Amino acid sequence: MTFVDFLNLLIAALLLAGIYAVMSVGMTVIYGVMKIVNLAHAGFMMMGAYFAYELYQRLHLDPILAALLAFPFFFLVGVAVHWLLVRWLPHSDRPTLQSLLLMFGLWLVLQNIGYLIWGNTDRSILSPRTLALVHLGPIIISSLRLVVFVAAAGCMAVLEIALSRTWFGRSVRALIQNRYAGRIVGVDDEKTARLTFGMGIAFAGVAGALLATLYSFDPDFGRPFLLRAFVIIVLGGLESVSGVALGALILALVETFSILFVPASYQPAISFALLVVVLVVLPGGIAGLWAKRRRLA
Amino acid sequence: MRNSSGSFIGRRKPAVATVLLSLAAGGLVLAGCAKKSAESEAIKIGVVLPITGREGKPGQYQKEGIELAIKQINDGGGVQVGTRKLPLKEVFYDDGSDSAKSAQLVERTMSSDGVTAVVGGYSTALGEAESVMPDRYQTPWITPGAAASSIFAHGYQYAFGTLTPVNLLGYTTAEFLGTLVDQGKLKKGLKIAMALENTDHGVDYGHGIEQWISQHPGYFKVVFSEKFDLGGTDFSGLLQKVKQAKADIFLSDAHLQDYITMQRQYIQSGMKHQMISYGARGPEADARKALGEGVDYIFAGIWWSDKLPYPQVKKFAADYQAFTGRKVDSWYAATAYDSVRALATAIQAAGSLDKTAIRDQLRKLDMKDSLVPGQVLKFGPNGQVNYPFVIVQNKPEAKVDIVYPKDAATGEVIAPIPAGKK
């Protein structure tokens, strides 16, 4: 393998990591604050894809702009879903069967709404960017992937700033650390949970809209990404946003480079082998490892 | 409470009620019998196809082909069975592109629904799962969408398929490329990279190509061959390996969704080859819609084309458009349509609804007004047909031409792909 080939692969992995991070972070914040494994994440990603598709088809709106618009739209959807369904779930420090079933049911409902509205036809967005390439000397990059990566990285940066520099972010981090202690020091846990759920769903919608520019989709869209999101959040340590970014990068690097040594048909197995290894060797994920190091220091 | 004679007071009331209930029940039974009798006047055909899930689109096209054939047969009075003309009645199930569900639903049609025959199984994976049922229930089964030869290598007696084996697709693809070398359009000794789906379909396709190359030394050399999983979302790693192989021709064997995803990532990788094919996929409208000019010059070996110069093909294309409101897209509906016609012909020849007699007639079938290339639909000893493939090529402005064989060609092949394209 030449150096250029290596660089091409590295860039492909980095671009993939951006997409992986933005599709996983919504699940992480919801799990962190509410201990809910949001299986409906895939359903909201699918809805995000159709949101971008409809805006592109009807209003000829740039899909990247549609992805940005998806944030407030799906935030409101998330807040409404929380108000209608999620708030009735029993509070717990651990994921409950009720929450798992509710989210699974919601995913099925969303999927069937998708089939009802759009049928089973594969849709895709063919924009002027779809086939455009950026040539940097011998390195060729898909301009669409580059734009999607920038949008995804921007979303992650905004989330990081929101979590570290705002009252809402501090509340979220407090609840992730200890819900009851957070309440004692004055955090409105219900309001924070509602906004966090809205934000998690908003990220799912944004991720879906961004992915819609790269892949064709149908109402079952999101399922393979959901499985990867699980691997990433376990790698990242379930409750850490920066851990998610690193988990996404590791998964993307492993998937991209391992294919050079193993047949492509084993690619799905690579993710799950990684998941098993992390669960056995590093059950707290990367964030757990950092915390351990800090304690030791 | 008893009266003086020891009988229950008001006993007459329950007796009347019992009589009325018996009459009502009897009426319902008779009505049921009448309904059953009316139903038995139709020939039930099980149809199990994916109209949702990964294979939903081609499955839907096949369903439409089947329903068009059923409608036309019924409009013509039905199928002559002995002295009676009976209509065909479809018993449809969507398997959701799930092979376990597919097999289970075929079993249901054969064991519970009492169908005379089943038409089903789009894609090799689903067809493979269904194929174990026909012999178990001794019910004829025709697959219009599964072509892997492994399905027909088990010695099943009730399984039939209207798609020519995939290894012939691979063979014809290599043969077509060979003719381009003979015509001086491509150079001799070009290197081929293959990315094949990890199914019997992909294996057969690769074997077909390698078989032709081994029989014609010096024409081509396979420098890369690897399999990938169906329904993949990211092929960038695989395509990077293809790039490193520095081949001249890229041949893949993929299902529709994978074809669209892979071709999109192929373009985004900046690769260029002299010729590109995705096996039996290429001219589909969905691909054109998803990638626009990104699918120009791709060639495909397909089982049928609406460009075939037969009057029955023109009629079918027109009927299909009138029936669905859409133009016929690729080959899917045609083989399904012919499956039902083959079945109706066999039932008529059998003169009864005896499943073994119908099976025997399917074996003897020689349908000379078929839509398929060569116009003759005839099942081989293993139950699979063996008609030739046609090669089509996508051209700019959404044009698709048959480019091989020569006698069916509707346009000249463009080879190699012009510089600056792909």
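Worth pointing out:
- Residue match in region B:323-332 (condition: touching a helix residue (DSSP H, G or I) at 6+ places or on another chain (Cβ under 7 Å), assigned to a loop (DSSP other than H, G, I, E, B) and not assigned by TED's automatic domain parsing to the domain that holds B:F160): no
- Residue in region B:333-343 that is surrounded by fewer than 21 Cβ atoms within 10 Å (Cβ to Cβ), among the polar types (S, T, N, Q) and in a helix (DSSP H, G or I) present: no
- Within region A:214-239, tally of residues that are among the small types (G, A, S), within 14 Å of chain B (Cβ to nearest Cβ) and not in a helix (DSSP H, G or I): 2
- Filter result for the condition that a residue is at pLDDT 55 or above, open to solvent by less than 50 Å² (accessible area, probe 1.4 Å) and either away from every other protein chain (no Cβ under 14 Å) or within 21 Å of B:T335 (Cα to Cα) (or both), over B:G6, B:G78: B:G78
- Residue in region B:116-136 that is closer than 20 Å to B:Y337 by Cα, out of contact with any helix residue (DSSP H, G or I) (no Cβ under 7 Å at 6 or more places or on another chain), among the hydroxyl-bearing types (S, T, Y) and touching a residue at least 40 places away in the same chain (Cβ under 8 Å) present: yes
- Condition check for A:A264: at pLDDT below 80 and more than 14 Å from the chain's Cα centre (by Cα): yes
- Taken over region A:176-213, the criterion of being buried (at least 24 other Cβ atoms within 10 Å of the Cβ), hydrophobic (A, V, I, L, M, F, W, C) and either touching a His at 6+ places or on another chain (Cβ under 6 Å) or assigned to a loop (DSSP other than H, G, I, E, B) (or both) is satisfied by A:F197, A:A204.
- Scan of region B:53-75 for residues that are away from chain A (no Cβ under 14 Å) and either acidic (D, E) or free of Cβ contacts under 8 Å to residues at least 12 places away in the same chain (or both), ordered by number: B:E67, B:D75
- Residue count for region B:219-274 satisfying the condition of being within 11 Å of chain A (Cβ to nearest Cβ), of a type outside the set (D, E, K, R), under 26 Å from A:L7 (Cα atoms) and assigned to a loop (DSSP other than H, G, I, E, B): 6.
- Looking across B:Q348, B:Q375, B:Q393, B:Q361, one residue alone is open to solvent by less than 20 Å² (accessible area, probe 1.4 Å) and either in contact with a helix residue (DSSP H, G or I) (Cβ under 8 Å, 6 or more places away or on another chain) or outside any loop (DSSP other than H, G, I, E, B) (or both). It is B:Q393.
- Candidate set: region B:176-203, residues that are farther than 16 Å from B:E226 by Cβ and among the acidic types (D, E); chosen: the one surrounded by the fewest Cβ atoms within 10 Å (Cβ to Cβ): B:D182
- Test: residue in region A:99-121 that is free of Cβ contacts under 8 Å to residues at least 40 places away in the same chain, open to solvent by 40 Å² or more (accessible area, probe 1.4 Å) and not in a helix (DSSP H, G or I): no
The values are calculated or read from the model by the stated rules, or taken from the named source; none is laboratory data. Note that the structure is a prediction, hence the values are computed from the model and not measured. Please note: Cβ atoms are built from the backbone with ideal geometry, for glycine as well, and neighbour counts cover all protein chains shown. Surface areas here come from the heavy atoms of the whole protein model, side chains and all, with no ligands, DNA or RNA. Shrake-Rupley method; radii C 1.70, N 1.55, O 1.52, S 1.80 Å.
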